[in-house]
Amino acid sequence: MTMLDAKIPNGPIEKKWSEYQATCSLVNAANRKRMTVIVIGSGLAGGGAAAALGELGYHVKLFCFHDSTRRAHSVAAQGGVNAAKNYQNDGDNVYRMFYDAIKGGDYRSREANVYRMAELSVRLIDTCVAQGVPFAREYGGSLGNRSFGGVQVERTFYAQGQTGQQLLMGTNSAIARQVKAGRIERFSRHEMLDLVVKNGRAIGVIVRDAITGEIERHAAHAVVLGTGGYAKIYYLSTMAMGCNATAAWKAHKRGAFLANPSFVQVHPTSLPALGKHQSKLTLMSESLRNDGRIWVPARAGDDRSPEKIPDSERDYYLERKYPAFGNLTPRDIAARAAKEQIDAGHGVGPMRNAVFLDFRDAIAQHGRETIQSRYGNLFGMYQKITGIDAYVTPMLIAPSPHFTMGGLWVDYELMTTIEGLYACGECNFADHGSNRLGANSLLQACVDGYFILPSTIGNFLSSRIKEPLSPTDGPEFDQAESKAREDIQKLLSIKGRQPVDYFHRTLGATLWDCCGISRSRESLNRGIEQIRELREQFWNDVNITGGAHEPNSELEKATRVMDFLELGELMCIDALHREESCGAHFREEYQTKEGESLRNDEGFGYVSAWQHRAEGEPILHKEPLSFEAVNVMTRNYK
Amino acid sequence: MELNLRIWRQDGPDTPGQLVDYHLDNADPGMSFLEMLDAVNEQLINNGERVIEFDHDCREGICGSCGMVINGRPHGPAQGSSTCQLHMRSFQNGDQITIEPFRASAFPIIRDLKVDRSAFDRIIDSGGYISTNIAAAPEANSILISKDEASHAFDAAACIGCGACVASCKNASAALFTSAKVTHLVNLPQGKVERSTRVVQMVNQMDTEGFGACSFTEACEAVCPQQISVNHIAQMNWEYNRAKLGI
Ligand SMILES: Cc1cc2nc3c(=O)[nH]c(=O)nc-3n(C[C@H](O)[C@H](O)[C@H](O)COP(=O)(O)OP(=O)(O)OC[C@H]3O[C@@H](n4cnc5c(N)ncnc54)[C@H](O)[C@@H]3O)c2cc1C
Ligand code: SF4
Ligand code: FES
């Protein structure tokens, strides 16, 4: 084990980033043209980085597995993006925003990074507006805000319920502009299968063209991953079907440390699975909790229809347990409380896996019209999916894996432990600690890509100006390409009895059970066992039809699930080693008498960063966390 | 429920395709349309056959990946819905459902129900943006935009780039898609600077890609999952004429 150095600049927290920018090395414009940067991912993080690097004049090769850069899963974010503009004059500022994120993350994030995120939030909104993002407006024409995710100020900017889409269209237009200028080469329908590393430095990638099946080699002076989160490992999640960990996991196997992989945020208000066929869970905006009351029947197994259950036989468990915050308790607490009720047999809905979110009282109080004006589109979406009218019958909601705080370990410059390999957006671990605050991740993805990487990557590339691109016929490329080919050949040759989805669903159910909202030593050990067995079974019994040199969506799924089956084990190992409860990581052994998280700052006040080994257990490295700008406190939402 | 499906199968852009019959006897009314296809694919895998290829990702109507022609209508029978948001409760037990790809010469078929919509990206590349540098933006509230303008721009910007408008059009015109971007930007003060070059370049690119001309049948609006209005096309035409006349 070593202690990791995050290379945090000296000086007071509010000066670190400007100090860094004032002193980092630069690459001049003429040299930038000669340097190639590979960016994997066209979401807000990767797409933003690609556009910004293109503007600077670098030659950018931008890859995504989607058929268009516009489809990255950032597109699905509904709620909004935070920024410390203080337009509402309600006492917001950069420090407060920073403090909220540190506290929300339960003191498991890195102060300097979080402060920088808050600091850069201010400029982000300017950039988005200039791009044409149609944020909500006040009557006078200025920007509107709302409050979001349990903070006391209104700092969330939004574009109806489609904020992510609108931000991404801004990014995508910035990409288009650079494509036209000839500075971004776009490779859609290309999936990264491996990273090429030479003497500890990233020199390129191996990708598969999803149409021809061709395996290609691409070299670069630096590689940036913006490949998003891995919550799809649970199969049922709010992530898109193609979300994967392959790029990050392959980088991990090539030497990049993976940090806090067990920190997964479960969203309390998604739609429940309604049958065995369910392939994904749709998020219902958290804003519904402002007016909806959450309850379950007080008697386990009560299957009367909700309207028939009188108030005296309902358990409004959030209001009962957390009178101060009630239905607005933070995500992790609300999600865990729901799971407790479901596990205790109080679950409702066809699969008894949900709780009620009831608007009866809000409609009685404010009238149907007001509720419709607030949530009309959400009620419509709910009806579209379930066929149920939520004005009449309470909604069914359930917790669902939603966001991964864990990810590739990066230093202050967003560089991983592989030189020249960067990670931005949800695929790194940096800013959300053990629990992300609502509307902070669009922010993080954007500022990583638009503002931070373009500076920090220059600091690295400035010392590489004279170096030519690595030739793609070198032994490292040979080795990585043949590994990718072998994996594919092996997968196709098994011809077993179960489709890929079977393994993905089983893995997801195992993780949900053993390494989900709450974990214990026993469940995690069981999870590790089961995942190992499942992996073994996968390599003997998976059935993939079609070939390697053609479009083959089953093969694409298989290469992703193959990596998930390894990552799942590491998530359990990480959760097992962390003998405390913090944020979204709730270890049953470590709770107060009242059932609240028991954090252990002395023993676990660090980031766990795992190093892969070809044989044997991964090695744990630690980045100690010290807090200078805030006092460490215990969360209390009672 | 039981379903009789006729699904377009085609190996590649240059091979002939045909409708093939499939039977599914355990569909659930709560399934989404794509989950129903997952079930068909699972049968195929169990029989050792290659699966039906189709694009999809978010499965919640926002990424624009999915899209197929269902019983002759792009995205199927539900109003204002993408294919992934369509549920089997919209069909009856025993129904016959015909499923085909989005057809247009500018959208070559890749395989089965998967088509190449990269022409849309090239239309955006040609000018569908505001030429602003990321770090060069003025203070956001220095640009005041009325609620109406913002919401008008939003209505257009909500396009998900699925291509149903093209598939529904007898001319395979991309006018609705292109106009949505043109009007999104021109309705905002910051988008007005480049209004003339933008609209001309985008319309030219649309023609270059081989999309047909718009003859205003309004079929596109009827199938658009985001219910983008054909008024945007009218506005685009106006913008185009304005640019050409130099007013
Ligand atoms: C339903 C939902 C709602 C949300 N709502 C909010 C919200 O209101 N506010 C908020 O702040 N956050 C929200 N979030 C979180 C936020 O949207 C994400 O954290 C953020 O958008 C991630 O951006 P990204 O650029 O890191 O990744 P993504 O947008 O996921 O982009 C990943 C990119 O990587 C590419 N890629 C992945 N793997 C490979 C590979 N192997 N090879 C090639 N390309 C690859 C993909 O094609 C894609 O282009 C929400 C998330 C979800 C799921
Ligand atoms: S205009 Fe409508 S139908 Fe056409 S691409 Fe956009 S969302 Fe799809
Ligand atoms: S899969 Fe994303 S819109 Fe249908």
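Tell me whether the stretch A:267-401 comes out rounded, prolate or oblate; compute the Cα gyration tensor, take square roots of the eigenvalues as a ≥ b ≥ c, and use a/c under 1.5 as the rounded threshold.
rounded
Keeping every protein chain present and rolling a 1.4 Å probe, give me the accessible area per residue for chain B in Å². Kindly include the intermediate steps, with their values, before the conclusion.
Values: 9140 Å² over 247 residues.
Ligands and nucleic acids excluded, the result is 37 Å² per residue.
Which lysines have a Cα lying under 22 Å from the Cα of A:Lys384, excluding residues fewer than 8 positions away in the same chain?
A:Lys276, A:Lys280
Sequence-distant or interchain residues sharing an amide H contact under 5 Å with A:Ile294, placed H: which?
For A:Ile294, whose amide H was placed from the backbone, the distant partners under 5 Å are A:Asp358.
What residues in the stretch B:153-174 lose 50 Å² or more of accessible surface when the other protein chains are added to their chain alone (1.4 Å probe)?
The answer is B:Phe154.
Which positions within the stretch B:114-128 get 40 Å² or more of their accessible surface covered by the other protein chains, compared to the chain by itself, with a 1.4 angstrom probe?
Hits at the 40 Å² cut-off: B:Asp121, B:Asp125.
Roughly speaking, to the nearest percent, how much of the stretch B:3-111's 1.4 Å accessible area is carbon and sulfur?
Answer for the stretch B:3-111 is 42 percent, counting heavy atoms of protein chains only.
So what's the angle, to the nearest 10 degrees on a 0 to 90 scale, between helix B:231-245 and the longest Cα principal axis of chain B?
40 degrees
Could you name the aspartates and glutamates in cross-link range of A:Lys180, using Cα to Cα under 14 Å and dropping any fewer than eight places away on the same chain?
A:Glu55, B:Asp121, B:Asp125
State, in square angstrom and to the nearest 100, the accessible area buried between chains A and B, both chains counted, probe radius 1.4 Å.
In total, chains A and B hide about 6000 Å² from solvent.
Starting at the first residue of the stretch A:410-417, write each ³J(HN,Hα) from the Karplus equation 6.51 cos²θ - 1.76 cosθ + 1.60 with θ = phi - 60°, in whole Hz, x for Gly and Pro.
Per residue, the Karplus-derived 3J(HN,Hα) values read 10, 8, 4, 8, 6, 8, 7, 7 Hz.
Which ³J(HN,Hα) values in Hz, rounded to whole numbers, follow from the phi angles of the stretch B:97-105 under the Karplus curve 6.51 cos²θ - 1.76 cosθ + 1.60, where θ = phi - 60° and Gly and Pro get x?
Along the stretch B:97-105, the couplings run 10, 9, 10, 10, x, 5, 10, 5, 5 Hz.
When DSSP assigns beta bridges and you keep just the ones with both residues in the protein assembly as shown, what percent turn out antiparallel, to the nearest 5?
70 percent
Can you give me the long-range amide H partners of A:Val348? Hydrogens built in the peptide plane at 1.01 Å from N, cutoff under 5 Å, separation of 5 or more residues or another chain.
When sequence neighbours closer than 5 places are left aside, the close amide H contacts are A:Asn353, A:Ala354, A:Val355.
For chain A, report the accessible area per residue in Å² (1.4 Å probe, heavy atoms, rounded to an integer). Intermediate values should be presented prior to the final figure.
Working: 21270 Å² over 638 residues.
Accessible area per residue, chain A: 33 Å².
Heavy-atom accessible surface, probe 1.4 Å, ligands and DNA/RNA ignored: which residues of the stretch A:273-303 lose at least 40 Å² versus the isolated chain?
A:His277, A:Ser279, A:Lys280
Averaged over all directions, how much area does the convex hull of the C-alpha atoms of the stretch B:117-245 cover when projected, in nm²?
With every direction weighted equally, the projected area is 8.0 nm².
For the stretch B:163-226, which GluC sites (Glu not before Pro) are both in a DSSP coil and crowded by at most 15 other Cβ atoms within 10 Å?
B:Glu218
Distance between Cα centroids, the stretch B:166-215 to the stretch A:2-33: provide it in whole Å.
Rounded to whole Å, the Cα centres lie 43 Å apart.
Please count, across the stretch A:475-604, the pairs of lysine residues with Cα atoms under 24 Å apart that sit 8 or more places apart or on different chains.
So the count of such lysine pairs works out to 4.
Using alpha carbons only, how many angstrom separate the centre of the stretch B:109-163 from the centre of the stretch A:39-57?
Computed from Cα coordinates, the inter-centre distance equals 17 Å.
Filter the GluC sites (Glu not before Pro) in the stretch B:1-50 down to the DSSP loop ones having no more than 13 other Cβ atoms within 10 Å, then list what survives.
In loop regions of the stretch B:1-50 (DSSP not H, G, I, E or B), the sparsely surrounded GluC sites (Glu not before Pro) are B:Glu2, B:Glu49.
Within the accessible area of the stretch A:1-147, what % is carbon and sulfur when the probe is 1.4 Å and the other protein chains stay in place? Each step should come with its number before you reach the end.
Numbers: 2340 of 4760 Å².
In the stretch A:1-147, the share of accessible area belonging to carbon and sulfur is 49 percent.
Could you derive backbone 3J(HN,Hα) for the stretch A:217-229 from the dihedral phi with the Karplus parameters 6.51, -1.76 and 1.60 (θ = phi - 60°), listing whole Hz in sequence and x where the residue is Gly or Pro?
Listing the rounded values in order: 10, 9, 9, 7, 7, 8, 10, 10, 9, x, 9, x, x Hz.
Taking 20 °C and 1.002 mPa s as the conditions, I'd like the Stokes-Einstein D for the stretch B:202-247 in µm²/s, using the Kirkwood hydrodynamic radius from alpha carbon pairs.
180 µm²/s
With the full set of protein chains in place, find how many percent of the accessible area of the stretch B:117-245 is carbon and sulfur; take the probe as 1.4 Å.
After summing per-atom areas, the C and S share lands at 51 percent.
If chain B were replaced by its equivalent ellipsoid, with semi-axes equal to the square roots of 5 times the Cα gyration tensor eigenvalues, what would those be, largest first, whole Å? Please report the intermediate quantities before stating the final value.
Working: eigenvalues 281, 71, 50 Å².
Gyration-tensor ellipsoid for chain B: 37, 19, 16 Å.
Per residue of A:538-548, what is the mean number of Cβ atoms on other protein chains within 10 angstrom of that residue's Cβ?
That works out to 2 on average.
Let me make sure I get this right: for the stretch A:1-160, a, b and c are the square roots of the gyration tensor eigenvalues over alpha carbons, sorted descending. Under 1.5 in a/c it's rounded, otherwise prolate if a/b > b/c, else oblate. Which is it?
Numbers: a/c = 1.69, a/b = 1.18, b/c = 1.43.
Oblate, because a/c is 1.5 or more while a/b does not exceed b/c.
Amide H of B:Ile110: which non-local residues (sequence gap of 5 or more, or other chain) have their own amide H closer than 5 Å, using H built in the peptide plane?
B:Val115, B:Asp116
Hey, got the dipole for the protein assembly as shown? About the Cα centre, +1 on K and R Cβ, -1 on D and E Cβ, debye to the nearest 20? Before the final figure, lay out the partial values.
Working: 93 positive and 105 negative charges, 299 e Å.
Charge dipole, the protein assembly as shown, about its Cα centre: 1440 debye, nearest 20.
Is the C-alpha gyration tensor of the protein assembly as shown telling us rounded, prolate or oblate? Criteria: a/c under 1.5 is rounded; beyond that, a/b larger than b/c is prolate, otherwise oblate.
rounded
Could you tell me how far the Cα centroid of the stretch A:190-252 sits from the Cα centroid of the stretch A:450-481, in Å?
Spelled out, the Cα-based centre of one part sits 16 Å from the other.
Given +1 on the Cβ of Lys and Arg, -1 on the Cβ of Asp and Glu, and no further charges, what dipole in debye does the stretch A:435-550 carry about its Cα centre, rounded to the nearest 20?
Dipole size: approximately 380 debye.
The values are calculated or read from the model by the stated rules, or taken from the named source; none is laboratory data. What you see is a predicted model; the values in this text were computed from it and never measured. Ideal geometry is used to build each Cβ from the backbone, glycine not excepted, and the neighbour counts take in all protein chains shown. Calculation scope for accessible area: heavy atoms of the full protein, side chains included, ligands and nucleic acids excluded. Shrake-Rupley method; radii C 1.70, N 1.55, O 1.52, S 1.80 Å.
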